[in-house]
1. In debye, nearest 20, what is the charge dipole magnitude of the stretch 255-443 about its Cα centre with +1 on Lys and Arg Cβ and -1 on Asp and Glu Cβ, if you could check?
2. As I understand it, the dipole of the chain uses +1 on the Cβ of Lys and Arg and -1 on the Cβ of Asp and Glu, about the Cα centre. Which of P27, G386, F157 lies farthest toward its positive end?
3. Hey, if you put +1 on the Cβ of every Lys and Arg and -1 on every Asp and Glu Cβ in the chain, which of P142, V369, P356 ends up farthest toward the positive end of that dipole?
4. So for the pair A267, R330, with labels modelled 7 Å out along Cα→Cβ, what separation do we get in nm?
5. Through the Karplus equation 6.51 cos²θ - 1.76 cosθ + 1.60, θ set to phi - 60°, convert the phi angles of the stretch 125-140 into ³J(HN,Hα) values in whole Hz; use x for Gly and Pro.
6. Dipole size in debye (nearest 20) for the stretch 1-122 around its Cα centre, Lys and Arg Cβ +1, Asp and Glu Cβ -1?
7. Quick one: length gained pulling A402 to K452 fully straight, 0.36 nm per residue minus the C-alpha distance?
8. Can you compute 3J(HN,Hα) from phi for each residue in the stretch 16-28, using the Karplus curve 6.51 cos²θ - 1.76 cosθ + 1.60 with θ = phi - 60°, rounded to whole Hz and x for Gly and Pro?
Amino acid sequence: MHTSGDIFVDGQWIPSTSQRQLEVLSPSTEEVIGRVPDAGLEDVNAAVAAARRAFDTGPWPRLSPAQRAQVLGELLEQLVKRGDELARTISAENGVPAAFARAAQVDNGLDVLRYYTELAATFEVETPRAGRYSPAIVRQEPLGTVAAIVPWNVPFFLAMMKVAPALAAGCTVVLKAAPETPLNAYLLAEAVAEVGLPPGVLNVLAAGPESSEALVTHPGIDKVAFTGSTAIGRRIASLAGGQLKRVTLELGGKSAAIVLPDADLPAVLSRLVTVSLFQSGQFCVAQSRMVVPADRYDEAVEIFAANVRKLTVGDPAEPGTFIGPLISARQRERVLGYIDIGRDEGATVVTGGGRPEHLERGYYVEPTVFRDVDPGMRIAQEEIFGPVVAFLPYQDVDEAVAIANSTEFGLYGTVWTEDLDRGVEIARRIRTGTFGVNGISLDPAAPFGGTKQSGLGRELGPEGLAAYLEPKTITLPASARG
């Protein structure tokens, strides 16, 4: 069991001033596997003060991007060495099956850090611009201090989506880990302590709502980068707007997978099981609405349900497990509540629908498939964040597009077809920030983020770096044209 009374601030482990601790529970056994401080207001103040000093007077923002890239490369090496430990820790904390923990949780995060390390090595801080009236220099400067707030579902990957571009840009960071999954963030801090990152550049703590809100509103923070629910995102946007803080918000989703008539149903639906039920559906880009041709509706439902029935639900440490537990008892009850709502609304449970009988402990819910779903039903409109999939029929492609666009969310979506050009044509019609043709990919080199109620701003790609930079224009006299 990992127990610590410290937080990582100003390049060192210091005792927390808080008298409260966060108990980290195993979602599969419900037993305590670790304890860390529940950071209090004094801890937040210390972390922000360290980040502020490091930005205002420290060397990090004043290094060239290439110099920062060298240090980030060293951090990458340290984290690669800790890859297996990170994977085991995250699996224990949030219940992701061990078979997916290394690749999906850790290696993807390492790829993000690798991408921004390489981008920083070649990044040009200043570029000349001819101008219409006079020449200018456009300079990209680090934005300032950043509060990076990450959720529990893919904690290391999502931390890297914020920390890596922020550090590459020359910002300093306070990383606030989720109360449910702080242990992997502590491993990140240990790696930071091993490399030559100046004190205060990256500070790490875990905290609940009160201290998290204090971090968001702290006058020493210039930008908030948050991944989480739309409800909390709205609250952060409101708080940050009052102070004109910059924000990047990656929020909820209710993504639709449109299966076109030409698709190979058995092959496509087999793949859709993974992109809808990975990590028990607890990921923001889960394809939780299956939009399929009406004349193949029964066939599609049965193929998908048959694949779901073959999935192993159980201990995430076991190699064959596909469906692990949900993160908490509260989340389990929320998901079960939505299953009851679906039944009450008139949808039909094809498979699943309750708690697995063979698992006496752990926050498990059976993977559940609904048919007879109307687009206006709550199970087709609201983010459930659990292993629940709804099947909706369509008569023609226009109706399929309308169904996909019918929610308040716009984070991700997919189309499945043998005709790639047709797939791209459909993609252009869906109001969503990211879209996949015959698959899902969060590529480090391409921007990711949402439209509508799914968020503000973009992460990943050059756009993700730009989110941590402020452009400055330096105008020159016309005679400088040469």
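1. Dipole about the Cα centre, nearest 20: 580 debye.
2. Value computed over the given set: F157.
3. Checked the options; the winner is P142.
4. According to this spin-label approximation, the distance is 4.4 nm.
5. These are the phi-based 3J(HN,Hα) values: 6, 10, 10, x, 9, 5, x, 8, 10, 7, x, 8, 10, 9, 10, 9 Hz.
6. Values: 11 positive and 17 negative charges, 77 e Å.
With Lys and Arg at +1 and Asp and Glu at -1, about 380 debye.
7. Working: separation 50, 0.36 × 50 = 18.00 nm, distance 1.52 nm.
Working it through step by step, the gained length comes to 16.5 nm.
8. Rounded to whole hertz, the list is 5, 8, 7, 8, 9, 10, 9, 8, 8, 9, 6, x, 8.
We did not get these values from a lab; they are worked out from the coordinates using the rules stated. Just so we're clear, the structure is a prediction, and the values are computed from it rather than from any experiment. Counting neighbours? That spans all protein chains shown, and the Cβs are built from the backbone with ideal geometry, glycine included.
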